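S.K.: Quick one: the structure is below, questions incoming.
Rule-based calculations on the coordinates, nothing more; no lab input. Just so we're clear, the structure is a prediction, and the values are computed from it rather than from any experiment. As a convention, Cβ positions derive from the backbone with ideal geometry for all residues, glycine included, and neighbour counts pool all protein chains shown.
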Amino acid sequence: MINPEIEQAARGAGRLGAIANLEAIVLREVDWKTYEVAVPHGENIDFNVEYNMAHGKAGARLRYQVRSKITGKASTGEVFRLEMAHEAFFGLPADDPTTDEEESAFGFVSVFFMVFPYIREFVHLLTGNSGFPALLLTPLRVPIDPAIGIPRAQPELTS
């Protein structure tokens, strides 16, 4: 039995995916902090990654903001913290109404996967150019089983 909420979300995401035109993806904010914390020889830095997404609509334009927070910690304390915000803008036909549910589903199903490569590249370049091991977020893999819903993926970091 297919979950009706998942089916409705998939239909809404598919409908917007067919009519929304990507206009821009921009890096809007970056807050990068490193700390004077000694990492014991041979110890790996542990990483924590968090994502949040919000969206809004003005006229025929949809705006999504993806906020990322990545912290690196050692047994001696926090080594670095990166917080950034990417925004994606989409144009819609002026006479086509959308619902908040469709916009949310499109954000989760499509927009995050469009923005994620930009997040991944920035993390890799920033950490590598800052003297840390160049970190690479693993690609997102989301197994979709319509009967139980769409699980939220938690990307991992590799160096």
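S.K.: Cβ-Cβ below 8 Å, separation at least six or inter-chain, first residue in segment 101-125 and closer than 23 Å to ILE19 by Cβ, second among the basic types (Lys, Arg): which pairs?
M.R.: Partner pairs satisfying both residue conditions: GLU102/ARG15; GLU103/LYS57.
S.K.: Another question, then. From the residues in segment 30-43 that are touching a residue at least 24 places away in the same chain (Cβ under 8 Å) and in a loop (DSSP other than H, G, I, E, B), which one is surrounded by the fewest Cβ atoms within 10 Å (Cβ to Cβ)?
M.R.: Only one residue tops the list, namely PRO40.
S.K.: Taking only segment 62-75 into account, find how many residues are in contact (Cβ under 8 Å) with a residue 24 or more places away in the chain and either surrounded by fewer than 14 Cβ atoms within 10 Å (Cβ to Cβ) or over 30 Å from ASP95 (Cβ atoms) (or both).
M.R.: Adding up the residues that qualify gives 7.
S.K.: Among the numbered conditions (1) touching a residue at least 40 places away in the same chain (Cβ under 8 Å); (2) in a strand (DSSP E or B), tell me where ASN48 comes up short.
M.R.: (1)
S.K.: Out of curiosity, is GLY91 over 30 Å from PRO133 (Cβ atoms) and in contact (Cβ under 8 Å) with a residue 40 or more places away in the chain?
M.R.: yes
S.K.: Of all residues in segment 68-122, which are within 29 Å of ILE45 (Cα to Cα) and part of a helix (DSSP H, G or I)?
M.R.: PHE112, PHE113, MET114, VAL115, PHE116, PRO117, TYR118, ILE119, ARG120, GLU121, PHE122
S.K.: Tell me which residues, restricted to segment 102-127, are of a type in the set (Ser, Thr, Tyr) and buried (at least 21 other Cβ atoms within 10 Å of the Cβ).
M.R.: THR127
S.K.: While we're here: Just the residues that are β-branched (Val, Ile, Thr) and in contact with a strand residue (DSSP E or B) (Cβ under 7 Å, 6 or more places away or on another chain), please, taken from segment 68-83.
M.R.: ILE70, THR71, VAL79
S.K.: Run ALA54 past the list (1) free of Cβ contacts under 8 Å to residues at least 24 places away in the same chain; (2) farther than 26 Å from ASP95 by Cα; (3) surrounded by 11 or more Cβ atoms within 10 Å (Cβ to Cβ) and report the number of the one that doesn't hold.
M.R.: (2)
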